[in-house]
Amino acid sequence: DLKEVHVAMMAFSTCVGVGLFLQGGRAIYLAGPGLAFIAYIIGGSIEWATMASLGEMTALFPIEGPIFAFTCHFLDQGLGYAAGWLICFSWTIVVAAEILAITQLFKFRFDPHYLQKLQYPDPSLGWKVGQETSPAIWCVIFMAIILAVNFLPIRRYGQVEYCVGTIKILFFVLLIMFNIVLSGLQLVPRGGRFWTYNAPYGFAVQNYTIPLATAKFPYEGNYARKVITGDAGRLAGMWSAITTTIFSMTGFETVAISAAENRDLRRSEAIKLATRKTGIRVVILYTLAIATVGLNVPYTDPYLRDMSINSINFGQDSPFILSAVYNHLRGWPHFFNAFYIFSATTCGINALYNASRTLHAMARIKEAWPSWGPVQSGRERLERTHAGIPFVAITTCWLFSFLAFLATKPFPAKVLGRIATNSVASHLVVNIVICLTYLRFYKRIKLAAGGQDPTVDQHLARAFDRDNRRYPYKSRGQYMRALYALFGSLLVCLFNGWRSFVSPMSIPDILVAYISVRSPQSHSFCSATPL
């Protein structure tokens, strides 16, 4: 019951959670405004190339659970099942991460001394309700909203997502124009329109600071740290910023996950259009947003100084809110923070959709589960649907959102950051598997199109010819793009947690950065059946 426009907006809405809004400032702090812009281009190009590979395979074979089904067929069954479990796990914990981020956003409050230093017109800026309400209350409210929306009939769900995606696109346009106008008007003169690119700031950071494991979080005053200066420091900052951008851009695969519910596949280039629309929108809007806000906020601002290995902070740490504060604007910081809550909620809704559809597809494969009787009985229940909605799979994935109650811990920012890091690691491993699958897929269809595959009927060979006008979707140089995405994802995945190894090592951060890398390998060796 979904149309192409629904799918395109669902994918865009999934990408736009709190990643850019809360971690965009972290990227600017780590790399500087210029290198942060480049980091978003690199991260976006890796994601786009990966999803173009998945999009081509899904357009030719629009099946349920494409991420693991193609890997099972073209590479290895065990690796395919591991990829399926990883992507399901990744999206399940994103639901909890988004709810946890919402509880952080309600704690919106600026330090009065900071406002006084910037000569802000009001002595205080914040939300009183967020300071006096337990985070557990917000968890219950938004968990209920996310579950209720996912129980909507799929056509209604698509219509809601179309409206949400349109609102988010308009907000991005507003955000970009807002920062361009502020930079041009210079409501509070600070040394020219490109003052953040000049001394004492600059295009790139001057050094890179690593808090050591012996330092206490939050990092304040004279804590234990290691400073990397010069080109090595700029490289370290750039690399860390690229890792940060990946979390902001996860969600492209929604196009493929929803393919089995897309009714436009037979009479339009639905997968092709949705994949390209999502890629263009995300890369262009993200890079323009980070480039324009970098004109108004210096990377040395104390609210951007997030030196922890893994953390996602409060609304006041958003560079877009800081841009309004630097220019002495009232009202805009409250509006931006409220929109971030809306964005996180809708992203959580999409994350539950992706997780539940993947789990439902996995439930239909008996071999992907332990043969123990109670487990198989549970698997059969996960297959159940009502009016096309896999309500059992939705409820099962939703139960893991109770992890959001970690917001009641002393340092929820660090907890959220570690959840996000683990989600990124899982996502990167799946990206690698997708690219490897596509490279194998590319060679197989070339053999099939040339009549050299004995398993393909000669009358159907032309359907696999990429030069055929009726071939549903291809991108120029897609084989090389898949190689680029493969090596890009592999490098980011391997060095995702490099800061954790700086002596003394941080064992918890090493685990969250690399445990997902180990899981598909061990699963593959245990249950592999080469095809």
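Take H6, H334 and sort them by solvent-accessible surface of the protein heavy atoms, 1.4 Å probe, largest at the top. Working shown, then result.
Numbers: H6 15, H334 60 Å².
Sorted by accessible area, descending: H334, H6.
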Once label points are set 7 Å from the Cα along Cα→Cβ at both V188 and T385, what is their separation, rounded to one decimal in nm? 5.4
Sparsely packed trypsin sites (Lys or Arg not before Pro) within segment 331-379, loop by DSSP, other Cβ within 10 Å at most 14: R364
Please compute the modelled spin-label separation between I169 and D231, points set 7 Å along Cα→Cβ, answer in nm with one decimal. 4.3
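Sort M177, M238, M362, M480 from largest to smallest accessible area, using a 1.4 Å probe on the heavy atoms of the protein chains. Each step should come with its number before you reach the end.
Details: M177 100, M238 30, M362 0, M480 125 Å².
The ordering from most to least exposed comes out as M480, M177, M238, M362.
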Probe 1.4 Å, accessible area per residue of the chain, Å²: 40
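Once you list every other residue whose beta carbon is under 12 Å from the beta carbon of T50, what net charge do they have if Lys and Arg are +1 and Asp and Glu are -1? Mind showing how you got there, number by number?
Working: positive: R481; negative: E47, E56, E253.
Once all neighbours under 12 Å are counted, the net charge is -2.
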Normalised by the number of residues in the chain, what is the relative contact order in percent for Cα pairs under 8 Å and 6+ residues apart? 34
Probe 1.4 Å, all protein chains in place: accessible area of T166 in Å², nearest 10? 50
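If you roll a 1.4 Å probe over segment 73-188 with all protein chains in place, what percent of the accessible area is carbon or sulfur?
On the way: 3330 of 4860 Å².
The computed percentage sits at 69.
Could you work out the local net charge near Q452, counting Lys and Arg as +1, Asp and Glu as -1, over the other residues with Cβ closer than 12 Å to its Cβ?
After counting each charged neighbour, the total is +2.
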Please work out the ratio of the alpha-carbon Rg of segment 88-183 to 2.2 N^0.38 Å and round it to two decimals. 1.44
Filtered chymotrypsin sites (Phe, Trp or Tyr not before Pro), segment 350-397: DSSP coil and at most 12 other beta carbons within 10 Å: W372
Selected from I349, A101, I432, residue furthest toward positive end of dipole (the chain; charges at beta carbon): I432
Taking the chain as the reference, fit the longest principal axis to its C-alpha atoms, fit the long axis of helix 135-150 to the helix C-alpha atoms, and give the angle between the two in degrees, 0 to 90, nearest 10. 30
Given Cα pairs under 8 Å that are at least 6 residues apart, what percent is the relative contact order of segment 319-403? 23
Rounded Å value of the spacing that divides the Cα centres of segment 9-50 and segment 315-340: 19
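With +1 on each Lys and Arg Cβ and -1 on each Asp and Glu Cβ, how big is the dipole of the chain about its Cα centre, in debye rounded to the nearest 20?
Working: 46 positive and 28 negative charges, 91 e Å.
In debye, rounded to 20, the chain gives about 440.
Which value in deg cm²/dmol, rounded to the nearest 500, describes the helix-derived mean residue ellipticity at 222 nm for the chain, given -39,500 (n - 2.57) per DSSP H run of n ≥ 4 and division by the residue count?
Details: 19 runs with 333 residues, N = 531.
Result for the chain: -21000 deg cm²/dmol, rounded to the nearest 500.
Using r as the Cβ-Cβ distance of W498 and K409, and R0 as 22 Å, what FRET efficiency do you calculate, to the nearest 0.05? All intermediate terms of the calculation are to be shown ahead of the outcome.
On the way: r = 26 Å, r/R0 = 1.18.
Using R0 = 22 Å, I get an efficiency of 0.25.
Beyond 28 Å between alpha-carbons counts as too far, so tell me which of K3/K446; K3/K366; K3/K168 fall in that bin. It would help to have the intermediate numbers written out before the result.
Values: K3/K446 31 Å; K3/K366 31 Å; K3/K168 19 Å.
Beyond 28 Å: K3/K446; K3/K366.
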Enter the angle in degrees (range 0 to 90, nearest 10) between the Cα long axis of helix 478-494 and the first principal axis of the Cα atoms of the chain, meaning the one along which they spread out most. 50
Positive-end extreme of charge dipole, the chain - chosen from F464, V5, I389 (charges on Cβ): F464
Need the list of lysines near K226 for cross-linking: C-alpha distance under 23 angstrom, and skip anything on the same chain fewer than eight residues off. K216, K414
Counting just the Cα atoms, what span does the chain cover along each of its three principal axes? Round to the nearest Å and put the largest first. 75, 47, 45
Across segment 66-128, what fraction of all alpha-carbon pairs, as a whole percent, falls in each successive 5 Å bin from zero upward? 4, 16, 12, 10, 9, 8, 7, 7, 7, 6, 7, 6, 2
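For M177 and D453, what is the calculated FRET efficiency with R₀ set at 60 Å and r taken between the beta-carbons, to the nearest 0.05? Spell out each step's value before the answer.
Numbers: r = 53 Å, r/R0 = 0.88.
My answer for the efficiency is 0.70.
The values are calculated or read from the model by the stated rules, or taken from the named source; none is laboratory data. Note that this is a predicted model, so its numbers are computed, not measured. Counting neighbours? That spans all protein chains shown, and the Cβs are built from the backbone with ideal geometry, glycine included. The accessibility values were calculated without ligands, DNA or RNA, using every heavy atom of the protein model including side chains. Shrake-Rupley method; radii C 1.70, N 1.55, O 1.52, S 1.80 Å.
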